[in-house]
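Chemist: Below you will find the structure I want to go over with you.
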Amino acid sequence: MRASLGGSGRAGRAVTSKICAWRCTVAIAAVGIGAVLPAPVAGGATPTGAVAAVPTQFQSAYAAVEAEVQSFAREIPAPPAHAKATIGTELLSANGNIGAALLAPNAITGVENELDAFQSLGIKGVTVDVSFPLLLSSTAESSGYLRYYEQVANQVKRRHMVLSVEENPIFAGTPLTSLQISYAGLTLARYANEQREQAQTIIDDLHPNYLTVLDEPDTFSDALGIDVNSPTNAVQVVSRELAGLRREGTKVGAGTGTWSPTSIDEALLAHTSVDYLDVHVYPLGPQQLSNLRADTAAAKADHKPLVMDETWLNKPTATEGSGPAGAPAELKEKSYSFWEPLDEEYLTAMYSYVGSQGYSYVSFFDGARAFFGYLPWSPQLEAATYRSFTSTYNRLVAVNMRQGHSSGTGQTLAHLLPR
């Protein structure tokens, strides 16, 4: 999710703590990916098997990311033959920040087409952001959103796929959503009570395999205007949410991103009744990998399953940490085809890592589009508006999904996954 809204003034937080800040919401234009099937895009994608040259201005960043991926890959032991992590990706067309467009009569068509495309690669699960507070009765059109997500859940279950739900907050008051949601007057206690109410609706009506109620406390704090980014407050909120929650067959978990200190995860494991520890992995720097190893070891010591319901290879950009204004440029720069070889290396390494460490479920976030294509860098695309760039990218992905074409990254995943 990584949607820190900037200006929080956390001086001790490195730039990498915000670099993936906009993945869920910057990608919300993907509502049309599965539904719109226009003519092929002029210029198309870089042909499969072709290696795009790295533009001069990106070569330094490329070398740094390449070194991180290779360092990560070297330390991974071979996964056991019986490794059974379910591999998923983000169902972008169902992201709650899309808002009212989810209520359109044909909105479910995009979901169906995305799910079919994912299945063609062997993907067996999806992560869906059923955003807080969309399903509360106090939210306008809540019954319509519930009917929509019931359809989404039915489509996932019809395909015998794993459904992982994140109950992340709507990023109200930003350019990233048109929804008019107010968090004024919200307290920790009220938030926990309302989050639990929505969680119960999700369990009762959608029956997900996994439900994560807290995954990036820093992001939640920035979005909601309350502080859940400490061990004490995170435990207070999660404990209150879980109290009296009828989980039925759904596993409910919580956790942090690996850019955050491990103390919150340790406290959640020690002082709440979570069914699993959830981690988000984007940067692969030394500190983030150290935190990943520590979180993994802590969950194992507590005999709790591990879930990684968001991960992708981070690419540094000049606009990192700059708030909503920098989000469009970040997604543009990370969608160019010259990154594809590193995405493939990362994908192979992370697949081995989660297998070797016994993760139950892993979702490759940006794979939802990257598995089906990239755009070649050009001065024209670099200068294009974000709306124009995203429209071009989504049309490319939609056409490739319809025609059964995948990128080299998508083919790498397909070769990794058991059939």
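Chemist: Work out how much length ASN193 to ALA384 would gain on full extension: take 0.36 nm times their residue separation and subtract the Cα-Cα distance, in nm to one decimal.
Modeler: 64.4 nm
Chemist: Rounded to the nearest 0.05, what FRET efficiency is calculated for THR232 and ARG158 with R0 set to 60 Å and r the Cβ-Cβ distance?
Modeler: 0.90
Chemist: R0 = 25 Å: FRET efficiency of ALA140 with GLU248, Cβ-based, nearest 0.05?
Modeler: For R0 = 25 Å, the calculated efficiency reads 0.30.
Chemist: Simple spin-label model, 7 Å along Cα-to-Cβ: ALA61 to GLN403 in nm?
Modeler: Between ALA61 and GLN403, the label points sit 2.9 nm apart.
Chemist: Please compute the modelled spin-label separation between ASN106 and SER290, points set 7 Å along Cα→Cβ, answer in nm with one decimal.
Modeler: 5.3 nm
Chemist: As an exercise, use a Förster radius of 45 Å and the Cβ-Cβ distance of ALA81 and ALA184 to find the FRET efficiency, rounded to the nearest 0.05.
Modeler: 0.25
Chemist: A 18 angstrom limit on the alpha carbon distance is what I want to check against. Which of LYS157/LYS251; LYS124/LYS157; LYS124/LYS315; LYS84/LYS300 exceed it?
Modeler: Cα-Cα > 18 Å for LYS124/LYS315; rest within.
Chemist: Calculate the length of the line joining the C-alpha centroid of segment 341-387 to that of segment 124-178, in whole Å.
Modeler: Cα centroid of segment 341-387 versus Cα centroid of segment 124-178: 23 Å apart.
Chemist: Using the alpha-carbon centroid of each, what span in Å lies between segment 395-419 and segment 74-119?
Modeler: 13 Å
Chemist: For a protection proxy built on the mean count of beta-carbon atoms within 10 angstrom, sort 108-115, 136-143 highest first, please.
Modeler: Descending mean neighbour count gives 108-115, 136-143.
Chemist: How much length is gained on full extension from ALA73 to ASP275, taking 0.36 nm per residue of separation minus their Cα-Cα distance?
Modeler: 69.8 nm
Chemist: From the convex hull of the Cα coordinates of segment 352-410, what is the mean projected area in square nanometres?
Modeler: Taking the Cα atoms of segment 352-410, their convex hull projects to 5.4 nm² on average.
Computed from the coordinates by the stated procedures, all read-outs in this text should not be read as laboratory data. Since the model is a prediction, treat every value here as computed from it, not as a measurement. A quick note on method: Cβ atoms are made from the backbone with ideal geometry, for glycine too, and the neighbour counts reach across all protein chains shown.
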